[in-house]
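Colleague: What follows is a single structure, and I will ask about it in a moment.
Coordinate-derived values only; no laboratory data. Values in this document were obtained by computation on a predicted structure and should not be read as measured data. Every residue, glycine as well, gets a Cβ built from its backbone with ideal geometry; the counts of neighbours run over all protein chains shown.
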Amino acid sequence: MTLADLEDDALLDTLQQAAFNWLVENVNPENGLVPDNSDPGAPCSIAVVGFALSSWPVGASRGWISRDHARALTLATLRFFISAEQGGDHRGTGHQGFFYHFLDMEHGCRVWNCELSLIDTALLLAGFETAACYFDADTPEEADIRRLSRALLAAVDWTWALDQGGTLSQGWHPETGFIRYDWEGYSEALILYVLALASDTHPIPRDSYQAWRVTYQWEQIYGYDVLYAGPLFIHIFSHAWLDFRAISDGFNHEKRVTYFENSARAVQIQSEYARINPRGFAGYSADCWGFTACDGLGGPMDSADDIGRYFLSYSARGAPYGPDDGTIAGWAPAAALPFAPRTAMSALREMLRQYPGMMRDNRFLGAFNPSLPGDGPEGWVSPRIYGLDQGLLVLMLENHRSGEIWALMRHSALCRRGLRRAGFKGSWLDG
Amino acid sequence: MDNPISEPASPTSFDHDPTDPRRELERNLRPANWQNPDPAKCYNLAVIGAGPAGLTAARIAARLGARVALIEAGAIGGDCTNIGCVPTKAIIRSGQVFSDMRHASHFGVHAPDTIFDPALALARVRKAQARISRMESADRLRSEGIDVFFGNGCFANRRSLRVGDQTIRFSRAIVATGGALRQPDVPGLQDIGYLTVETLFNRDTLPKSIMVIGGGPLGCEMAQALCRLGVRVVLIQNAPKFLPREERDAAQFLSESLARDGIEIHLNTTAVGARQTAQGKEIALTTGGDPFSITVDEVLTGVGRTPRIVGLGLEAAGVAADPETGIRVDDHMRTSNRRIFAAGDVCGGFMFTHVADAAARLAVRNALFFGRGRYSRLTIPWCTFTDPAIAHVGLYVDQAISQGIAVKTYTVLMHQVDRAVTDGEETGFVKIHVRQGTDRIIGATVVARHAGEMLNEITLAMQRRIGLRALSGVIHAYPTQSAAIKSAADACRADRLTPRLRRLSGWWMSLMRRAG
């Protein structure tokens, strides 16, 4: 029996558990660090750690690991980060409460010349907060989880990251200082701003969130009124934790759309773009799409149509403005299930049936590109599995199946405070 | 084809005019034997600078019966004809043809081996310049009643200026001396030499490899054109995207297009040093603190322009100016001397030929007829002539939101436009921004192969305050690419059909059915 033959719930359970197991199999139990991808020697990505911390509760609830195991992994992670070097040293772990994007899996030191990343720190913090909400027992260990999480969240100096400007910077390098460009347009930074506004110790001013929203693009594309962002992951990341189904900020009120509904429209645009397939790539259809940040082959090369296209390596692809080089992230429809169940499930099934080679051990590989030569109908297939994709799938499939993460975070005082300061109102936030 | 430049075809000219275009250019724009006329007792208008702004001002004034003196230090036509728009667009066209021929098989045409002849292409650039110069030659200007003086014009006092040993008295004056390319500040680059658009076209060959420093409009245009002509191009941009002023989706399309053409792109990269080696010009670069270097045959730069005000004697005339921002003018183009106006690049701001032209018209009207026309009321479009071209008019979305204007954007992708599909020119979009809840157009961006042509319809609508819905009622010839604008207008019109109206319409239809 293939994956495509399974009933809906069995299929999603299989995919979700396989993704979860990848995190369990690859986490360093000593410090909780999780590698960015399946390549031997790959460094840890702190964003993946954030997703992993949020996944342990899912695994414990579903009985895939014990609560003790989940607790031990969580504590190891928190203890590592609370004692990590925070002086901004170029081979340290963090600065001003933020952490470098990529860390050595054993010692947790900065690798390459990577940036001190705001968004990746935010995803890590979301993991801390999920852990603090889930481990609510009155035991010394679980109390320790809550204490450490709060301490790590309180240590982040968000005002420093404004760099004396109106909006948050993208990051900082010990060698060259702040990255000069800020967040432009609607993006996954929504959760970043919520956390930065929520801080008890160093909150950013409310004006900062308004200033970020100035760069929003409200467009009608393919007949859908949408807050535009090209890559699909932008429409998903913040929703992995926060339940935006019935809450609205000022922008939502003005445009009469929730961020959740907006993501649903973004999914429809992905499907419509693939149906039109303006660049004539192989495999695209209304049921085969997934234009987002993902792996790619990279470099100029001839595709079947001899146009001499330029192919990207790991990059944020998007619809409908691109970049688009024929690369499809197979996991995207599964991660988008909560927003547009019918469209996404239809694509997920069709892609599993047509392109089984995009999977390895029931896990989505980074991406595939049917326009490039390969061993099967998938064409080129990424040789690696990405931790970010697996973590995102665990959370979004859980939200689709039970809403557990959303329910947990609805009770997070931190998130509620951040959302209210951003101007969100309605439904569970008013209670 | 390994190196299309190294094997030029036997030069064949299809032009029957054997005149060397360089000589004709010289004869038209800076005749060697020109005798400056004896100055009149007093001129209604003295214009310093015979570029786009100066020419427009002088011609309009002369047509209206004014006595006009036009003073030019270099060649008539200014940067536009001599080093800017005209030569760059001519070489872009060569690049486009070359690129189209290489992709001809997609249109069912098997082009023979395409070989680029740089000497012929560069000669064509000069021929285009020569053709255009016929419209603005010194003789022609004289025949239009304009007294043309070649030489450095310098104000002697508030009412007169000197050209050589001649004194020109004026009732009103317009300064239109344009701008000069800014010197690059890369250490060592002055020593090893570099090209600018001033020197790029005055030769018969193109370098095998070139580094273009600066990803603004001109840098992107030249990088793409040269790359398409077979030059190995490295494009350095000291920012996260090209055309930093433009919408990010527009810059995104351009980035992809430049990469597809084969340009080696380095964003967030700064040139920090240059030296000559046996292999060529080695440019030291840094990206996010990571140093590296690239060796090329030539470097093309000229990032930005500064207003040309040195030697004009502005102090003597009581005209306030700043070396960076140029001559200070009010909204009526009047300087701090109420008799003297200024227009074009010398005022800083938008340095475009068409803006210079519009500002010069304003200045003439305000100078000679006590007009009160305002620069701030102009609707100014602009276009970067890459492929796809990027054209914009009015406000950007973030500017509008910052001003408290709620914006809705109607987007039509070029791949939704029939004529773009038939022409294989599907890259791009039309985005028209309206004030939300209305059809008032506040801005637009067009990315398309013919974006500059398409934008004019939107500019017209904005200038005449025609709402977007009204464009829906304008029949567009089918199939044309500007149908994209009508599609956006149709979408805006369809938005009027609120759920309540739709219900009402449904009720009416059912009533009609029942009535048979």
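Colleague: By the gyration tensor of its Cα atoms, with a ≥ b ≥ c the square roots of the eigenvalues, what is the shape of segment B:348-414: rounded for a/c under 1.5, prolate for a/b over b/c, or oblate? Before the final figure, lay out each step's value.
Modeller: Values: a/c = 3.13, a/b = 1.59, b/c = 1.97.
Taking the square roots of the gyration eigenvalues as a ≥ b ≥ c, segment B:348-414 is oblate.
Colleague: Note the angle between two axes, namely the Cα long axis of helix A:67-82 and the longest principal axis of the Cα atoms of chain A, as a number of degrees from 0 to 90, rounded to the nearest 10.
Modeller: Tilt relative to chain A: about 70 degrees.
Colleague: May I ask for the net charge around B:ASP490, where only other residues with Cβ less than 13 Å from the Cβ of B:ASP490 are counted and Lys, Arg are +1 while Asp, Glu are -1?
Modeller: Working: positive: B:ARG469, B:LYS486, B:ARG493, B:ARG496; negative: B:ASP439, B:ASP495.
Every neighbour counted, the sum reads +2.
Colleague: Would you work out the charge dipole size for chain B about its Cα centre, treating the Cβ of every Lys and Arg as +1 and the Cβ of every Asp and Glu as -1, and quote it to the nearest 20 debye?
Modeller: Value, rounded to 20: 2900 debye.
Colleague: Would you be so kind as to identify which of B:GLY288, B:ALA317, B:THR306 lies farthest towards the positive end of the dipole of segment B:288-330, taking Lys and Arg as +1 and Asp and Glu as -1 on Cβ and the Cα centre as origin?
Modeller: Value: B:ALA317.
Colleague: Residue-wise, which Karplus ³J(HN,Hα) couplings in Hz belong to segment A:161-174, taking 6.51 cos²θ - 1.76 cosθ + 1.60, θ = phi - 60°, and x for glycine or proline?
Modeller: Karplus-based 3J(HN,Hα) across segment A:161-174 equals 6, 6, 6, 6, x, x, 10, 5, 6, 7, x, 8, 10, x Hz.
Colleague: Run through segment A:99-172 and list the trypsin sites (Lys or Arg not before Pro) located in a DSSP loop whose Cβ has at most 15 other Cβ atoms within 10 Å.
Modeller: On the way: sites: A:ARG110, A:ARG146, A:ARG147, A:ARG150; in loops: none.
Taking segment A:99-172 and a limit of 15 other Cβ atoms within 10 Å, no loop trypsin sites (Lys or Arg not before Pro) are found.
Colleague: Once each part is reduced to its C-alpha centroid, what is the distance from segment A:368-421 to segment B:204-275 in angstrom?
Modeller: Using only Cα atoms, the two centres lie 36 Å from each other.
Colleague: For segment B:388-494, what mean projected area does the convex hull of the alpha carbons give, in nm²? Present the calculation step by step, with values, prior to reporting the outcome.
Modeller: Numbers: hull surface 24.1 nm².
Over all viewing directions, segment B:388-494 projects a mean Cα-hull area of 6.0 nm².
Colleague: Right, something else. Debye calculation, C-alpha points only, no solvent: report log10 I(q)/I(0) for segment B:226-340 at q = 0.11, 0.12, 0.24 Å⁻¹, in the same order as the q values.
Modeller: -0.60, -0.67, -1.37
Colleague: Taking θ = phi - 60°, what integer Hz values does the Karplus form 6.51 cos²θ - 1.76 cosθ + 1.60 yield along segment A:89-105, in sequence order, with x for Gly and Pro?
Modeller: 5, 5, 10, x, 10, x, 7, 6, x, 8, 10, 5, 4, 10, 10, 4, 5
Colleague: Please report the projected area of the protein assembly as shown's Cα convex hull averaged over all directions, in nm².
Modeller: Numbers: hull surface 184.5 nm².
Average of the hull's projected areas for the protein assembly as shown equals 46.1 nm².
Colleague: Within the protein assembly as shown, how many Lys pairs sit with Cα atoms under 15 Å apart, leaving out pairs fewer than 8 places apart on the same chain?
Modeller: Working: A:LYS255/A:LYS425; A:LYS255/B:LYS408; B:LYS89/B:LYS127; B:LYS208/B:LYS281; B:LYS408/B:LYS431; B:LYS431/B:LYS486.
Close lysine pairs found across the protein assembly as shown: 6.
Colleague: From the C-alpha coordinates alone, can you work out the Kirkwood hydrodynamic radius of segment A:300-431, in Å? Each step should come with its number before you reach the end.
Modeller: Numbers: mean 1/r = 0.0584 Å⁻¹.
For segment A:300-431, inverting the mean 1/r across all distinct Cα pairs yields 17.1 Å.
Colleague: I'd like to know which of B:ALA225, B:GLN399, B:LEU501 lies farthest towards the positive end of the charge dipole of chain B, counting +1 on Cβ of Lys and Arg and -1 on Cβ of Asp and Glu.
Modeller: So the residue we want is B:LEU501.
Colleague: What shape does segment A:3-429 take by its C-alpha gyration tensor, where a ≥ b ≥ c are the square roots of the eigenvalues and a/c under 1.5 counts as rounded, a/b above b/c as prolate, and the rest as oblate?
Modeller: On the way: a/c = 1.41, a/b = 1.29, b/c = 1.09.
Judged from the Cα gyration tensor, segment A:3-429 comes out rounded (a/c under 1.5).
Colleague: List the trypsin sites (Lys or Arg not before Pro) within segment A:51-98 that DSSP assigns to loop and that have no more than 14 neighbouring Cβ atoms inside 10 Å. Please report the intermediate quantities before stating the final value.
Modeller: On the way: sites: A:ARG62, A:ARG67, A:ARG71, A:ARG79, A:ARG91; in loops: A:ARG91.
Here the sparse-neighbourhood loop sites are A:ARG91.
Colleague: Another question about this same structure. Which value at 222 nm does chain B reach when only helices count, each DSSP H run of 4 or more adding -39,500 (n - 2.57), with the total divided by all residues and rounded to the nearest 500 deg cm²/dmol?
Modeller: Using -39500 (n - 2.57) per qualifying helix, the result is -10000 deg cm²/dmol.
Colleague: Further question on the same structure: Segment A:41-137: percent of C-alpha pairs farther apart than 19 Å? Mind dumping the intermediate values first?
Modeller: On the way: 1805 of 4656 pairs.
Roughly 39 percent, once rounded to a whole number.
Colleague: Please compute the volume of the convex hull spanned by the alpha-carbon atoms of chain B and report it per residue in Å³. Don't jump to the answer; show the numbers that get you there.
Modeller: Details: hull volume 106.7 nm³, N = 516.
About 207 Å³ per residue, rounded to a whole number.
Colleague: Okay, moving on. Classify segment B:196-273 as rounded, prolate or oblate, taking a ≥ b ≥ c as the square roots of the eigenvalues of its Cα gyration tensor: rounded when a/c is under 1.5, otherwise prolate if a/b is larger than b/c and oblate if not.
Modeller: Prolate, because a/c is 1.5 or more and a/b exceeds b/c.
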